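Beneath this line is the structure, given in structure tokens, with notes to follow.
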Amino acid sequence: MSKVLVNEFFVHGMKKPNRTYAVYGGLISPFILDIGSEKYIMPGWYKLDKDEYNIKVEDIKFYPYKPSKDDKPNIQSDKVYKVTSSKGDKVYEVKANSSGSLECECPGYGFRRSCRHIKEVTESLI
Ligand SMILES: [Zn+2]
């Protein structure tokens with residue numbers, strides 16, 4: 001889903017507000033749709049007022065949908081992920097703890113509470 005956000009601000013000495021437009025979400029770049037005598041910012045179906053008809057498509061900022069880095073990976077609590085160490089001589093077990101985050105048995109994790117193995121598992125799950 002896309003939505004159009006409009007910011008209005010008054011520049012000192014001007015009677016009309018300045019507007020900036022931004023389309024958030026979706027994957028389609030903004031465009032202006034004419035239906036009969038009406039104009040819309042698409043996607044998002046923002047209906048333009050008559051005094052906004054001088055808008056140019058370049059004036060619309062576009063923030064496409066991006067999966068957030070904070071999206072929780074799909075961790076299965078009963079699953080053990082085996083990750084080979086960087087030297088290739090060891091296999092570490094990465095598994096979910098009771099609070100649902102991943103833990104690794106390697107020394108680096110014990111030390112820093114994060115390690116490459118967890119990163120690899122997390123990236124493979126997103
Ligand atoms: Zn590790």
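The values are calculated or read from the model by the stated rules, or taken from the named source; none is laboratory data. For clarity, every value in this text was computed on a predicted model and none was experimentally measured. Heads up, the Cβs are rebuilt from the backbone with ideal geometry, glycines too, and the neighbour counts pull from every protein chain shown. Accessible surface areas use protein heavy atoms only, side chains included; no ligands, DNA or RNA. Shrake-Rupley method; radii C 1.70, N 1.55, O 1.52, S 1.80 Å.
Worth pointing out:
- Residue within segment 66-78 that is more than 30 Å from residue 115 (Cβ to Cβ), open to solvent by 70 Å² or more (accessible area, probe 1.4 Å) and in a loop (DSSP other than H, G, I, E, B) present: no
- Residue in segment 67-83 that is of a type in the set (Ser, Thr, Tyr), away from the ligand (no atom under 16 Å from the Cβ) and within 30 Å of residue 2 (Cα to Cα) present: yes
- Selection of first residues in segment 1-19 that are farther than 16 Å from residue 54 by Cα and of second residues that are exposed (fewer than 12 other Cβ atoms within 10 Å of the Cβ) and charged (D, E, K, R), restricted to Cβ pairs under 9 Å at least 6 apart or on distinct chains, gives the following pairs, ordered by first then second residue: 10/16.
- Odd one out for residue 120 among (1) open to solvent by less than 50 Å² (accessible area, probe 1.4 Å); (2) in a helix (DSSP H, G or I): (1)
- Those residues of segment 93-108 which are within 31 Å of the chain's Cα centre (by Cα) and either closer than 12 Å to residue 120 by Cβ or in contact (Cβ under 8 Å) with a residue 12 or more places away in the chain (or both), in sequence order: 93, 94, 95, 96, 100, 101, 102, 103, 104
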